[in-house]
Amino acid sequence: MEEHNKKTENCMICGEELAYLTSAIPVTCTYCGKAESANIHCPFGHYVCNECHASDSLKIITQFCLSSSSKNPMEMAKTIMRHPTMPMHGPEHHAMIAAVLVTAYKNLTGKVTDDEIKEAIRRGATVPGGYCGLYGADAAAIATGIAISTILKASPLTDYERRTANMMTSRALAAIASNRGARCCKRSTYVALESAIQYFREVLGTELEYIPVSKLKCEHSSRNKTCSRTDCRFYAGKALNMTNQTVVHNE
């Protein structure tokens, strides 16, 4: 199957709604042939591993962040999520959240380099999809911790840096957990970035640009079969058609 035929909602192969299992089963990636165990698969037997699921989007995220001069991580994330290769849900969001935070910090302070952006993307891409329900820790929150860890050069042997990164994750995780409804990678992205922007201000003394909550509206409701709609504070009130929109760099 050609890459351009990938679906961006539900099963990447056929578009059928995915099944989420409480116990892993043996699966084989339709694209690369890798055999592994997973809790997520298509009822028609299709399966796409995390690496193949995210490969196209990771290229877009990397290209965008390395060329952007934006200091607004939320605006960067919204732009990336409009790209036609970016799925409604998936592990791509983990790399994206870490990347836009480090990128905005770099553009505002000049204290990190492109190498840190690439490292944030690499780390974010290692966190598989389904963490929010299967592991009890939404990876959007983990991605904010990855951003802080990358910026502060934390390691398992550091004190302040390690604690600061973990606290960032806990703050974002608590904020995400306060929202009702099934998983939504867009909602988790918005909430995680909101938490991170506030945390960067409090802990790093960095005033990243942001989108006011009153103007932060989701553009992807029509793509999400389990959208909470009016129960979600980011619901725009109507379906916005993003089919023909592509990434435009924020210069």
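Figures for the structure shown
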quantity	calculated
Net length gained if the chain between residue 113 and residue 233 were fully extended (0.36 nm per residue, minus Cα distance)	39.7 nm
Coil-residue GluC sites (Glu not before Pro) of the range 1-68, DSSP, other Cβ within 10 Å capped at 15	2, 16, 17
Positive dipole terminus of the range 1-50, leading residue within 45, 23, 5 (C-beta point charges)	23
Cα-based equivalent ellipsoid, the range 1-125: semi-axes from gyration tensor eigenvalues, Å	31, 14, 12
Relative packing of peptides 97-109, 224-236 - highest average C-beta neighbours within 10 Å first	97-109, 224-236
Separation between Cα centres of the range 1-65 and the range 146-177, rounded to whole Å	29 Å
Pairwise label distance in nanometres, residue 28 with residue 225, each label 7 Å out on the Cα-Cβ vector	2.6 nm
Where the Cα pairs of the range 88-217 fall when distances are cut into 5 Å bins, in %	2, 12, 23, 25, 21, 12, 4, 1, 0
Pairwise label distance in nanometres, residue 203 with residue 170, each label 7 Å out on the Cα-Cβ vector	1.0 nm
Of the GluC sites (Glu not before Pro) in the range 141-237, those whose Cβ has at most 12 other Cβ within 10 Å and which sit in DSSP loop	207
Rotationally averaged projected area of the chain (alpha carbon convex hull; nm²)	13.2 nm²
Accessible surface, the chain, averaged per residue in Å² (probe 1.4 Å)	47 Å²
Kirkwood hydrodynamic radius of the range 148-215, from inverse mean 1/r over distinct Cα pairs, in Å	13.0 Å
Inter-label distance for residue 37 and residue 180, nm, one decimal - labels placed 7 Å from Cα along Cα-to-Cβ	3.5 nm
Evaluated over the range 20-90, the Cα radius of gyration and Dmax, each in Å	15.4, 44
Cα-Cα over 23 Å, subset of 59/215; 6/59; 6/186; 7/78; 118/153; 78/106	59/215
Accessible area in the full protein assembly, largest first, 1.4 Å probe, for 86, 167	167, 86
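The values are calculated or read from the model by the stated rules, or taken from the named source; none is laboratory data. All figures in this text were calculated on a predicted structure; none of them were measured in a lab. Positions of Cβ are generated from backbone atoms using ideal geometry, with glycine treated the same way; all protein chains shown enter the neighbour counts. Note: areas computed on protein heavy atoms with side chains; ligands, DNA, RNA excluded. Shrake-Rupley method; radii C 1.70, N 1.55, O 1.52, S 1.80 Å.
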